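What follows is a single structure, written as structure tokens, with notes after it.
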Amino acid sequence: MGQLAINGGTPVRTEPFASWPIYDDTELRLLKEVLESGKWGGSGSSAVPNYEAKLPLMERKFAELHGARHAVSVVNGTVAISVALQAAGLKPGDEVIVPPYTFIATASAALACGMIPVFADIEEETLLIDPEKIEPLLTAKTRAIVAVHIAGAPANMTRLREIAAKHDLVLIEDAAQAVGASWEGQGVGSIGDLGTFSLQSSKNLNAGEGGVITTNSAEYWENAWSICNVGRVPNGGWYQHDRFGQNYRMTEFQAAIVLAQMTRLEEQMRRRERNAKLLDGLLAGIDGIRLLRQDPRITRHAYHLYMFKLDPAFAERADKAEFVKRVNAEGIPLAAGYIPLNKNVSVLETTKMWTGEERVYDCPVCERMCAKEAVWLTQNVLLSDERAIRDVAEALDKVVRSF
Ligand SMILES: *Cc1c(COP(=O)(O)O)cnc(C)c1O
């Protein structure tokens, strides 16, 4: 092994990884159709005879992709969670169980509706919500669980459904990172009561911004649709606002881009899966690195992120931040990942504002994973060629040996 790049040695890799976003003439053609149709938004009609609007088509395909009966498009994945919580009938003051190892939106979407996120720690082997940590947190105010399919790996939906049913809780899947993933053959977003997705530019289906809510319940669908359409009711009058709602509609331009991106989704998913498998094999041979456990009931992983851990013994002598810095210097965009949401200042301050209480949440597994062990690569790395994946492993091996 040569000298570390951080100390002036030659980096393992100098070429970039696969670029993102990916597009071609399909996007251009569909965008032009929207432009020329005159129907640019989710309301109104087209001047072009027999024109098929993009949003309903995209919603139909999105629901189909996940085996859900209904889908409602929405401005982003954060609002999708807020709308799902409201559509399920939650009210301000209600408590929502969420994991602490996730993007802040999972918690802030509840807070935005006056609801209180309560943190259930994660499983050390998967970094997903630990279903067995939920029951001790339940109070008379608990109304829902938001399971997050972090990195694109479905959480243990079988166990979560049991717990939700036993305590009469709404189960929502935050599938922002998990487009196309499945648990025991069932598409995410169709397993819980409602599912939410993000179409934000880093996500595996990219519309720049956007989100989708999925559900099998006609009642939740109607509620969600209404909340996103200023409280209107399907087939009701234009100025008939029967419930509280806001305008959370996506544009037809975004739907056009999603439809185009969807034509490549399956091929991209396969490429990520192939490269993740290759990387699993290569990293398994490196002392100091530990792979996450993948539950065999995960029938499809979306690999929005490729997460792995520093082995606990190795992490004792190798500082995670320094490890990441050395790997980055080798030309590999390794990320240190999330910081624990259960300790986030804005979450705790807003919780105090809503409840009048100072709350303390301890999630020792999440805190240790964030501080010492968990790291990740983003999905575009997995869209690169085999050489790139071998470079990732070579750089990790080189850096592990430097500690
Ligand atoms: C991206 C993301 C969101 C929020 O989606 P936006 O479209 O960015 O609002 C929510 N939850 C998770 C887990 C995410 O990764």
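Before moving on, here are some points about what is shown:
- Angle between the chain longest axis and helix 320-329 axis [Cα atoms, degrees, rounded to 10]: 90
- Averaged over its residues, the range 265-400 has an accessible area of 45 Å² per residue, based on protein heavy atoms and a 1.4 Å probe.
- Just the protein heavy atoms count here, and of the accessible area of the range 25-262 at 1.4 Å, carbon and sulfur take up 52 percent.
- Which of 345, 381 is most accessible, then next, and so on - probe 1.4 Å: 345, 381
- Working note: 222 nm ellipticity from helices only, DSSP H runs with n ≥ 4, each -39,500 (n - 2.57), summed and divided by the residues of the chain, gives -11500 deg cm²/dmol to the nearest 500.
- The mean sequence separation of alpha-carbon pairs under 8 Å and at least six residues apart, normalised by the residue count of the chain, gives a relative contact order of 22 percent.
- Taking 103, 244, 308 as the candidate residues, the one with maximal mean-square fluctuation in a Gaussian network model of the chain, Cα springs under 10 Å, is 244.
- Taking Cα atoms only, the orientation of helix 345-355 departs from the longest principal axis of the chain by about 40 degrees.
- Comparing Cα centroids, the range 101-177 and the range 207-245 end up 24 angstrom apart.
- Accessible surface area normalised per residue over the range 127-239 is 34 Å², counting heavy atoms of protein chains with a 1.4 Å rolling probe.
- Accessible surface of the range 265-400, 1.4 Å probe, proportion on carbon and sulfur as whole %: 51
- Highest mean packing first, where packing is the average number of other Cβ atoms within 10 Å per residue, the peptides 203-211, 387-395, 175-183, 272-280 line up as 175-183, 203-211, 387-395, 272-280.
- The listed residues 309, 91 rank as 91, 309 when sorted by accessible area, largest first, using a 1.4 Å probe.
- Helix 77-87 and the long axis of the chain differ in direction by around 50°, with both axes built from C-alpha atoms.
- Net charge of neighbours whose Cβ lies under 9 Å from the Cβ of residue 115, counting Lys and Arg as +1 and Asp and Glu as -1: 0
- Proximal lysines to residue 277, defined as alpha-carbon separation beneath 21 angstrom and excluding residues fewer than eight positions away on the same chain: 203, 309, 398
The values are calculated or read from the model by the stated rules, or taken from the named source; none is laboratory data. Remember, it's a predicted structure, so these values are computed and weren't measured experimentally. Note: ideal-geometry Cβ built from the backbone for every residue, glycine included; neighbour counts use all protein chains shown. In case anyone asks, the SASA skips ligands and DNA or RNA and just uses the protein heavy atoms, side chains included. Shrake-Rupley method; radii C 1.70, N 1.55, O 1.52, S 1.80 Å.
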